[in-house]
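*Asks:* One structure, as structure tokens, below. Some questions next.
The values are calculated or read from the model by the stated rules, or taken from the named source; none is laboratory data. It should be emphasised that the depicted structure is a prediction, and the values quoted were computed from it without experimental measurement. Cβ coordinates were reconstructed from backbone atoms using ideal geometry, including for glycine residues, and neighbour counts include every protein chain displayed.
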Amino acid sequence: MASEVGNPVIAPGGNQLEFNSTSISKRRYIRSPKNPLDKSTIVSIFPSPIDEVKWTIEPGKFHIDPGTFENPSILVVGSSSWWADTDIERPVLEIPTGSIQIAESIVKDFCNGMYGCNMSDAMPGLFFVLGEKTVSEIKLSYRNKLDEVKDKQNKWYQILVQQADALWARSNNNPLVIWDLMRIAARSLGLHDKSWLKDFHLIQLVPCKFCGTMRNPNFPICQTCKAIDPDHPLSKEVKFAI
């Protein structure tokens, strides 16, 4: 029979085990001094804000403002730490992680989660450099790197636009299948003539009267079953080649 917290517990065989209810509360987290020179700078020309959270390290929350090629945004990160519980009688052991590993983790984890990113020549416009840098220093000293990541981001944008075209056609022009980032990609590439760039609130899909598939009421023919909507003003003008 288990005893109350703080009282001895009799283990199988009659051996008495001491349990101290305050042993956990006495554990200490001893922080080592940080190296003030251990800094890395993440550079972003990605047009949306980035929020990355690493739950196993501290500090583990990182925010990067939207950036452009002309005015990139930056985030300076230092080292972070995780904690190893090796012995209940000793303080919890701090394991520091350098800033360059933190910066690399933020960039890779964010990009790997993006559709169409191959982490090679098509990916969001993010990179990091060692040391604490300003925007002016980045634009002056890392111009070639900015050109490189811009090219990679444009290639990634092209993949998103191609996928948007395919989704638009397969869904019978359903605007809900278009990701907001696909619209950003099209506008960034100057492809303003894409029909799926229009405000999706202007289009309301309705079910086909013959097959039930959601269809665009602006067109007289259902893309799925090819039935003609008799109520459409152009229904009588539809002709098929024999």
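*Asks:* Of all residues in the stretch 168-185, which are touching a residue at least 24 places away in the same chain (Cβ under 8 Å) and farther than 16 Å from F46 by Cβ? If you could, list the steps in order and put the result at the bottom.
*Replies:* Kept after step one, since they are touching a residue at least 24 places away in the same chain (Cβ under 8 Å), are these residues of the stretch 168-185: 168, 172-176, 179, 181, 184-185.
Within the stretch 168-185, W168, N172, N173, N174, P175, L176 meet the criteria.
*Asks:* Contact list please: Cβ distance under 9 Å, first residue in the stretch 67-81 and modelled with pLDDT of 95 or more and surrounded by fewer than 16 Cβ atoms within 10 Å (Cβ to Cβ), second residue outside any loop (DSSP other than H, G, I, E, B) and small (G, A, S), pairs at least six apart or on different chains.
*Replies:* What qualifies is V76/S40; V76/S99.
*Asks:* Can I102 be described as farther than 21 Å from R143 by Cα, out of contact with any strand residue (DSSP E or B) (no Cβ under 9 Å at 6 or more places or on another chain) and in contact (Cβ under 8 Å) with a residue 40 or more places away in the chain?
*Replies:* It is false that I102 is farther than 21 Å from R143 by Cα, out of contact with any strand residue (DSSP E or B) (no Cβ under 9 Å at 6 or more places or on another chain) and in contact (Cβ under 8 Å) with a residue 40 or more places away in the chain.
*Asks:* Working carefully through the options L181, L176, L191, find the one that is in a loop (DSSP other than H, G, I, E, B) and aliphatic (A, V, I, L, M). If you could, list the steps in order and put the result at the bottom.
*Replies:* Working: L181 fails: in a loop (DSSP other than H, G, I, E, B); L176 fails: in a loop (DSSP other than H, G, I, E, B).
Exactly one of L181, L176, L191 is in a loop (DSSP other than H, G, I, E, B) and aliphatic (A, V, I, L, M), namely L191.
*Asks:* Sticking with this structure for a sec: Taking the condition among the hydrophobic types (A, V, I, L, M, F, W, C) and outside any helix (DSSP H, G or I), does F110 pass?
*Replies:* no
*Asks:* Something else now. Name the pairs: first residue in the stretch 223-236 and under 23 Å from R170 (Cα atoms), second residue β-branched (V, I, T) and modelled with pLDDT under 85, Cβ to Cβ under 8 Å, at least 6 apart or on different chains?
*Replies:* Partner pairs satisfying both residue conditions: I228/V238.
*Asks:* Could you grab me the full set of residues in the stretch 32-65 that are polar (S, T, N, Q), assigned to a loop (DSSP other than H, G, I, E, B) and touching a Phe, Trp or Tyr at 6+ places or on another chain (Cβ under 8 Å)?
*Replies:* Correct list: T56 only.
*Asks:* Tell me which residues, restricted to the stretch 115-138, are within 15 Å of the chain's Cα centre (by Cα), surrounded by fewer than 16 Cβ atoms within 10 Å (Cβ to Cβ) and of a type in the set (A, V, I, L, M, F, W, C).
*Replies:* Matches in the stretch 115-138: M119 only.
*Asks:* Only one of (1) farther than 19 Å from P36 by Cβ; (2) in contact (Cβ under 8 Å) with a residue 12 or more places away in the chain fails for R143. Which number is that?
*Replies:* Going through the list (1) farther than 19 Å from P36 by Cβ; (2) in contact (Cβ under 8 Å) with a residue 12 or more places away in the chain, R143 breaks only (2).
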